[in-house]
Amino acid sequence: ASFPILCFRSPLVTPLIFGLFLQAPFTQPSTITQPNFVLLLADDLGIGDVGCYGNDTIRTSNIDRLAKEGVKLTQHIAAAPLCTPSRAAFLTGRYPLRSGMDAVNDYRVIFWNAGSGGLPPNETTFAKILQHQGYSTGLIGKWHQGVNCESRNDHCHHPLKHGFDYFYGMPFTLISDCQPTETPEMDRAFRRKLWLSTQIICLITFTAVLGRLTGLISVHWKTLACLAGFSVLFFISWFSSYGFVRYWNCIMMRNHRITEQPMVTNRTTSLILRESISFIERNKHKPFLLFLSFLHSHTPLLTTEKFLGRSRHGLYGDNVEEMDWMVGQVLDAIDKAGLKDTTLVYFASDHGGWLERQEGERQLGGWNGIYKGGKAMGGWEGGIRVPGIFRWPGVLPADTVIDEPTSLMDIYPTVVNLAGGTMPRDRVIDGQDLLPLLRGTVARSEHEFLFHYCGVHLHAVRWHQKDTGALWKAHYVTPIFSPPGAGACYERGFCPCFGKGVTHHEPPLLFELSQDPSEAKPLSADTEPLFDTVIRRIGRAIEEHRRTLTPVPEQLSVSNVVWKPWLQPCCGTFPFCWCDKEGHN
């Protein structure tokens, strides 16, 4: 007699029980054990270059799949608009000026493998904490946090000194100088000045010698010899570094050993992908952290032949589509190893796309969608708002969008806490644990204020007013676009942080980003009743923030970024540095 009753109830009860099973992982944090972490960080990728963020012409099906199966952040903010400081903040969970990894000058990134600046040994990365928790930790791809301090092989800034068990990739960053067929990119304007100075000095020397020979000028031969010697020394002083950028900076390493000097660019992508998949395979039976730091989509846009000409956006689009394919290969490796449900996958870019990167009619930099500005601009959204996607099936909800302010610095506490590690108590950590927000157990971000630096110069501040949901942003300094109204600094190649290339605003430019995400219509006391109140509150937050800063050595000072031959990594006998130990592969 009970059977009909059970049959009657089953259409209602079964979905209810099924729904409870689905909800359980999202409401019981105690069930979470140490997951694996696969952190995917693109280089110079604009938020407007990805399909799930609105691009309908570059095909990014695998990145889009991550978003469909996980959580997409729409206000994911880099702590700096350039590679070196942004990645330092990502690794340490701290604003880069706290570790000395932001610049007071125009040298805002690590410039040479043979510089002495880099991520200080006393900084504690999330990799170092996970290493102590029993994780296997690997970094594949770009580092750009320095190599040596005092000698060629001390490797004080090397990834293996910062918590990674395994490293394969570039200790520097990809630049066009690495591709012999491309126009040199590194310090291009300064190099032109050096060439011009050399030519002027040589012309003066030649003219003086000619005048002496013809009797038109009375000059001692010793003076001429000194002038000629100075010309030669001046040329050697800069050409010994800038003339061999490909050999000094474009190298590949496996752990402490150089494998290619210079790198063989036509196989770099396949080797990085092979190393990433191999790392997953080797460590699938124990907890691991894989930080895959892509060389894509930085110039010279290394792209294998099968992807050339496939996109509607030239070489840049081809390069992004190849990176998306690489993401798919890594996800397939995770699935094949049976690790999908025990692996937290994260995808982001280190900062916004490089608008000014052009060669003739070719656009070689990314697109930042509706957001103003781009790479190197510390305040405008286009320089710092980046893709941010998390996937962890069964723990994080699928196909979810979160429109709350988050930061790349948040990866640090999120990963450390999930791994069961202890956060450092002897320093300020600026990141916030994202897990409650990602799981939906809280509705608001823990960030009330985010400070947007350009070098060590504070350009803008974001205030997330939690009680009203308003998102205010005040700009104290903005770059002067060239030509005027162009939206970027095309005539300079990079927007500066200070000096004649910026405008100081008093009162600051104020925007309400939830209403004006493109920062097109600055508010004023006449148009916004809360203008003075908001500016005063942000001003107090800046004062409170500055009280937390302590002086530290400047890692990007001129003395630290210049090329030092005694620090140059070399796989031969310096200066004869050449090897190819991957040739047999």
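The values are calculated or read from the model by the stated rules, or taken from the named source; none is laboratory data. Keep in mind that this is a model prediction, so the values were computed, not measured. Don't worry about glycine lacking a Cβ; one is built from the backbone with ideal geometry, like all the others, and counts go over all protein chains shown. SASA here: full protein model, heavy atoms, side chains in, ligands and nucleic acids out. Shrake-Rupley method; radii C 1.70, N 1.55, O 1.52, S 1.80 Å.
Taking the criterion of being within 18 Å of Trp463 (Cα to Cα) and of a type in the set (A, V, I, L, M), the residues of segment 521-554 that qualify are Leu523, Ala525, Leu530, Val534, Ile535, Ile538, Ala541, Ile542.
In segment 455-466, the count of residues that are surrounded by fewer than 17 Cβ atoms within 10 Å (Cβ to Cβ) and either polar (S, T, N, Q) or out of contact with any helix residue (DSSP H, G or I) (no Cβ under 8 Å at 6 or more places or on another chain) (or both) is one or more.
Conditions tested, residue by residue: (1) out of contact with any helix residue (DSSP H, G or I) (no Cβ under 7 Å at 6 or more places or on another chain); (2) free of Cβ contacts under 8 Å to residues at least 40 places away in the same chain; (3) not in a loop (DSSP other than H, G, I, E, B).
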site: Asp318; (1), (2), (3): no, yes, yes
site: Asp324; (1), (2), (3): no, no, yes
site: Leu355; (1), (2), (3): yes, no, no
site: Met377; (1), (2), (3): no, no, no
site: Phe390; (1), (2), (3): no, no, yes
site: Leu396; (1), (2), (3): no, no, no
site: Glu404; (1), (2), (3): no, no, yes
site: Asp410; (1), (2), (3): yes, no, yes
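Residue under question is Gly383, and the condition is that it be touching a Gly at 6+ places or on another chain (Cβ under 9 Å), assigned to a loop (DSSP other than H, G, I, E, B), within 26 Å of Ala79 (Cα to Cα) and of a type outside the set (Val, Ile, Thr); does it hold? No, not satisfied.
Among the helices (runs of 4 or more DSSP H) confined to segment 180-291, the ones with at least 1 residues that are under 29 Å from Gly360 (Cβ atoms) and more than 33 Å from the chain's Cα centre (by Cα) are located at 188-214. Filtered by the rule that a residue be over 15 Å from the mean Cα position of the chain (by Cα) and farther than 28 Å from Cys178 by Cβ, segment 94-120 gives Leu97, Arg98, Val104.
Give Leu292, Leu315 a once-over and let me know the one that is aliphatic (A, V, I, L, M) and either buried (at least 24 other Cβ atoms within 10 Å of the Cβ) or farther than 30 Å from Ile480 by Cα (or both). None of the others qualify; the one that does is Leu292. The set of residues in segment 44-103 being aromatic (Phe, Trp, Tyr) and either farther than 15 Å from Gly431 by Cβ or modelled with pLDDT under 95 (or both) consists of Tyr53 alone. The residue that is nearest to Tyr476 (Cα to Cα), counting only those in segment 380-404 that are more than 16 Å from the chain's Cα centre (by Cα) and crowded, with 24+ Cβ neighbours inside 10 Å, is Trp380. Of all residues in segment 498-524, which are of a type outside the set (D, E, K, R) and free of Cβ contacts under 8 Å to residues at least 12 places away in the same chain? Matches in segment 498-524: Gly499, Gln515. Could you figure out which of (1) under 24 Å from the mean Cα position of the chain (by Cα); (2) surrounded by 18 or more Cβ atoms within 10 Å (Cβ to Cβ); (3) of a type outside the set (D, E, K, R) isn't true of Phe511? Condition (1) is where Phe511 drops out. Scanning segment 491-508 for residues that are modelled with pLDDT under 95 and either open to solvent by 40 Å² or more (accessible area, probe 1.4 Å) or aliphatic (A, V, I, L, M) (or both) yields Glu491, Arg492, Phe494. Could you check, for segment 135-148, whether at least one of its residues is in a loop (DSSP other than H, G, I, E, B), surrounded by fewer than 24 Cβ atoms within 10 Å (Cβ to Cβ), assigned by the TED database to the domain that holds Thr550 and of a type in the set (Gly, Ala, Ser)? No, segment 135-148 contains no residue that is in a loop (DSSP other than H, G, I, E, B), surrounded by fewer than 24 Cβ atoms within 10 Å (Cβ to Cβ), assigned by the TED database to the domain that holds Thr550 and of a type in the set (Gly, Ala, Ser).
Considering only segment 260-270, I want to know if a residue exists there that is open to solvent by 60 Å² or more (accessible area, probe 1.4 Å) and among the basic types (Lys, Arg). No; the residues of segment 260-270 include none that is open to solvent by 60 Å² or more (accessible area, probe 1.4 Å) and among the basic types (Lys, Arg). Of the residues making up segment 99-134, just one is in contact (Cβ under 8 Å) with a residue 40 or more places away in the chain, open to solvent by 20 Å² or more (accessible area, probe 1.4 Å) and in a helix (DSSP H, G or I), namely His132.
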